[in-house]
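The values are calculated or read from the model by the stated rules, or taken from the named source; none is laboratory data. Values in this document were obtained by computation on a predicted structure and should not be read as measured data. In this analysis, Cβ positions are derived from the backbone assuming ideal geometry, glycine residues included, and neighbour counts consider all displayed protein chains. Note: areas computed on protein heavy atoms with side chains; ligands, DNA, RNA excluded. Shrake-Rupley method; radii C 1.70, N 1.55, O 1.52, S 1.80 Å.
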Amino acid sequence: MPRSGGPEGRIGRVETFLAPPRWLFVRVETDDGVVGWGEPVVEGRAEVVRAAVGVLAEYLVGQDPSRIEDHWQVMTKGGFYRGGPVLSSAVAGLDQALWDIKGKRYGVPVYQLLGGAVRERVRAYAWVGGDEPEEIRDALTAQAEAGFTAVKMNGCGPMTPVATRAEVRACLRRAEIAREVLGDERDFALDFHGRVSPANARRLLPLLAEHAPMFVEEPVLPEYQRTLSDLVNASGIPLALGERLFSRQEFLAPLQAGVAVVQPDVSHAGGISELRRIAALAETYGAQLAPHCPLGPVALAASLQVAFTTPNFLIQEQSIGIHYNRGAELLDYVVDPEVFRFHGGCLLRTGLPGLGVTVDEPAVRAAGRKGHAWRNPVWRHADGSFGEW
């Protein structure tokens, strides 16, 4: 979508690249050659988001890239029909790219434009799977030996709406193994992944409390938010959610219910602009920010920019080595992997401009020629009925 002529410094071109294993990158270039990168994607629906980016690019080409907030308002509210994961994710990637351009123009990291740093390093956790409980011991040990002070794993595999004793026991066994391996000095989080019904969540949370998980993520599906206050009162375990919520308005009810950790995704929830507003909303409720990010290098870099400037930040998800990354890895698309090197399970603050990462453009273009059509699995229970993945 090129633009010819026009004022210097205006947005001149918007390109997208479907990059394995399951990502979508957007490249925004100005007439005077400044390039910003973003990551607009809905995992399993990347092609649909790509089309939405193309529609929004019709508005952006020819515009002043510095007017990020105005563009965010127009992109999110300029159509009669608003919201949803596809539009919000398309906006998110373009928003990231505009912040990247602004930071590069001023020669400063985005976190400086957001008010400056409040920390020198960002604690991150590693993913260890957990669909099968007895497979996680070695993975937990490996991540602890690698220096991570926190890990996250699935709390269960497919779970029937009214769980059997064996299903309950398998969930508890995961927590037992994690605590055995990690001891009291390291943390683990359990992700229910929306697989657990409200009835099962009420049953499981009190039983898990003795193992003291850092949090339980997505204890129920977003459509069951009305049950959250009961779940908050069911045990002392902090509850976390937010990867399937896309605006600060959607986070209000969970915060009012007592959710302790919000997990918006910088590639789903409107980008850097909305992520920082969600964090500020959470701060007024005493809740912490733990950005969801099982994605690529641009999403992680954008998340870190918010993390460095957010007082109520808790911990960062990241996907280096995650089981989804088949055929390509996060570090395959960056020029210098040093910015994503872990130090005692933390990522260090740098002074690099923009999002703080240099995308390997030839690698992205080559990947874009290959493309992908990643889809999430479809699970079924023993009786053949649909099961939440």
Consider only pairs whose beta carbons are under 8 Å apart and that are at least six residues apart or on different chains; among these, list those whose first residue lies in the stretch 369-389 and is closer than 19 Å to His193 by Cα and whose second residue is surrounded by 12 or more Cβ atoms within 10 Å (Cβ to Cβ) and polar (S, T, N, Q).
-> His381/Thr160
Checked pairs for the stretch 21-36, first without any contact (Cβ under 8 Å) to a residue 40 or more places away in the chain and acidic (Asp, Glu), second open to solvent by less than 30 Å² (accessible area, probe 1.4 Å) and part of a loop (DSSP other than H, G, I, E, B), C-beta under 7 Å and 6 or more apart or across chains, list as Asp31/Gly9; Asp32/Gly9
Filtering the stretch 307-329 down to residues that are in a helix (DSSP H, G or I) and either under 19 Å from Leu241 (Cα atoms) or among the β-branched types (Val, Ile, Thr) (or both) yields Ala307, Thr309
Do the conditions hold for Ala163, that is, is it part of a helix (DSSP H, G or I) and of a type outside the set (Asp, Glu)?
-> no
Within the stretch 278-294, of all residues that are touching a helix residue (DSSP H, G or I) at 6+ places or on another chain (Cβ under 8 Å) and aliphatic (A, V, I, L, M), the one surrounded by the most Cβ atoms within 10 Å (Cβ to Cβ) is Ile278
Would you point out the residue of the stretch 16-61, among those that are part of a strand (DSSP E or B) and among the hydroxyl-bearing types (Ser, Thr, Tyr), that is surrounded by the fewest Cβ atoms within 10 Å (Cβ to Cβ)?
-> Thr30
Determine if the stretch 216-229 includes at least one residue that is under 30 Å from Ser89 (Cβ atoms), more than 18 Å from the chain's Cα centre (by Cα), among the acidic types (Asp, Glu) and open to solvent by 10 Å² or more (accessible area, probe 1.4 Å).
-> yes
Residue count, the stretch 330-389, condition in a loop (DSSP other than H, G, I, E, B), in contact with a strand residue (DSSP E or B) (Cβ under 9 Å, 6 or more places away or on another chain) and open to solvent by 20 Å² or more (accessible area, probe 1.4 Å), comes to 17
